[in-house]
Amino acid sequence: MKTIQSLFLSASLLFCSQAAAETSTDGILITNSNLVDVMDGKLLKDQTIVIQGNKIIYVGSKNNAPEGNWNNIDLKGATLLPGLSDSHVHLTSNANDHGYRRLAVSTPRSAINGVKNANKTLLAGFTSVRNLGAPGYADIALKEAIDDGTVIGPRIIASGPSIGITGGHCDSNLLPFEYKQKAEGVADGPWAVRTKVRQNNKYGAEVIKFCGTGGVLSKGTKLGAQQFTQEEMSAIVDEAHLLGLKVAVHAHGSSGIATALNAGVDSIEHASMITDAAIEQAVEQGTYLSMDIYVSDFILSEGEKAGILEESLAKERKVGRIQRERFQAAVKAGANIAYGTDAGVYTHGLNGRQFKKMVKWGMSPMQAIQASTIGNATLFGTQDMTGSIEVGKYADMIAVPLNPLNDVTELEHVDFVMKDGVIYKNELSE
Ligand SMILES: [Zn+2]
């Protein structure tokens, strides 16, 4: 008996000393990496990066790296990039719960979905996201659980419930009148929408999302039809900006886009039918265009199986191609392009598939990578701490074996993921 006890004792001592040995290193030294410098738009060969705690403290040649007792990670010539970012996701939604199926998903269940989807998103190399629209502040709860270490996932900037007009894209229009169904973010009139902005701010939203036109997946809404008047949109944006929050508008049709631009929104989501004049205005104002040009492939191939309504499929058939052409025009005009994909409409963890589309429709691989790193960080207002691998920033980085500047589809499977100085995945050293 004594022998068994002492065996346990020595085993636990061994674990303790191992843990102590690990924590007693000064940090992590990454060697033998080719680094994508998104600030200068170039690839830097054979770089060494030193991470202490959750911050980057050195980037440069191995010879000049600071002395220390480092945990050395040899990347074996892999390409190292800043953690990727997606400006438009719905972590609490699953891609197979569309149409009427969504009515059967409770808010607690959507929060549980969020736990799984956040994990998949981080392991796909996306270390930060904006979650634009979730029921019952489930996205804020998820963010808090990630930040305190309860759950593994990306950094989240969450909106809470989307704000929208009665019967609009951000309402729930599936059931007949007698059910009196109404989405949480529904408000009509300038003061009512200001109240919704204040309420979202009260419960932890860090960005305001509202619907400025009809949408593909909502029942009975028209893509071209504007939702909210100028007065209402201006009230939303004014109130959000007073509170220090940025505003993302869902908008497909040109009149909704124009009105939202006049109201001063920070990003236009989808922007499918944006006119040349509106692109010009967006360039002048520095407004970001978050155009989800991959998702159409999923909707048209898997959408029916996933429960998407026939009227939604018909809308997507019309708008998918137009959006890609308008994306190309926006790139040509030099607009600020965010990397936003609407993950949740399609399967989480496949966020990297949009890179290929963005390159096909006019961007260089470097531009697409910049959009998903420093570009999104600038839109999020976190560019001082995320979006590039530079001294003083958070240690959020990923690696892939080959060079994504030659073939951007490399980013569809990421082999190394670090967030906040913690390694969550390393398949390079196997
Ligand atoms: Zn969305």
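The values are calculated or read from the model by the stated rules, or taken from the named source; none is laboratory data. As the structure is a computational prediction, the values presented were derived from the model and not from experiment. Because the Cβ atoms are built from the backbone with ideal geometry, glycine has one as well, and the counts that use them run over all protein chains shown. The accessibility values were calculated without ligands, DNA or RNA, using every heavy atom of the protein model including side chains. Shrake-Rupley method; radii C 1.70, N 1.55, O 1.52, S 1.80 Å.
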* Structure fact -> In whole Hz, the Karplus estimates of ³J(HN,Hα) for region 213-227 (6.51, -1.76, 1.60; θ = phi - 60°; x where Gly or Pro) are 8, x, x, 5, 8, 8, 6, x, 10, 9, 4, x, 7, 5, 10
* Report, as a whole number in µm² per second, the diffusion coefficient that Stokes-Einstein gives for region 269-333 at 20 °C and 1.002 mPa s using the Kirkwood radius over alpha carbon pairs. => 169 µm²/s
* With the calculation restricted to Cα positions, what are the radius of gyration and Dmax of region 339-421 in angstrom? -> 12.9, 36
* For q = 0.27, 0.28 Å⁻¹, Debye-computed log10 I/I(0) when each Cα of region 130-201 counts as one equal scatterer -> -1.15, -1.19
* Structure fact -> Under 5 Å from the placed amide H of Asn173, counting only residues 5+ away or on other chains, we find Lys219
* To do: Could you please state, rounded to a whole Å, how far the C-alpha centre of region 201-239 is from the C-alpha centre of region 243-261?
  => 7 Å
* **Rg over Rh, two decimals, region 191-332 (C-alpha only, Kirkwood Rh)** => 0.99
* Enter the angle in degrees (range 0 to 90, nearest 10) between the Cα long axis of helix 190-202 and the first principal axis of the Cα atoms of the chain, meaning the one along which they spread out most. => 20 degrees
* How much of the calculated P(r) for the chain lies past 28 Å, in percent of all Cα pairs? -> 49 percent
* **Cut-off under 5 Å, modelled amide H: who pairs with His90 long-range** => Ala343, Gly344, Val345
* Would you please put 413-422, 309-318, 33-42 in order of how densely packed they are, using the mean number of other Cβ atoms within 10 angstrom per residue and starting with the highest? => 413-422, 33-42, 309-318
* Which peptide among 248-258, 124-134 comes first, and what is the full order, when sorted by highest mean count of other Cβ atoms within 10 Å? -> 124-134, 248-258
* To do: Consider just the alpha-carbon atoms of region 119-244 and return their Rg together with their Dmax, both in angstrom.
  => 15.6, 45
* **With DNA, RNA and ligands ignored, accessible area of Tyr203 (1.4 Å probe; Å², nearest 10)** => 110 Å²
* **Cα centroid of region 74-130 to Cα centroid of region 262-296, whole Å** => 24 Å
* Whole-number accessible area per residue in Å² for region 68-198, which is evaluated in the context of all protein chains at 1.4 Å -> 40 Å²
* Asked: What pairs from Lys42/Lys318; Lys45/Lys116; Lys315/Lys357; Lys62/Lys332; Lys318/Lys419 go past 31 Å between their alpha carbons?
  -> Lys42/Lys318; Lys45/Lys116; Lys62/Lys332; Lys318/Lys419
* Structure fact -> Long-range alpha-carbon pairs in region 157-231, meaning those over 21 Å apart, account in percent for 27 percent
* How much length is gained on full extension from Asp276 to Asn403, taking 0.36 nm per residue of separation minus their Cα-Cα distance? -> 42.3 nm
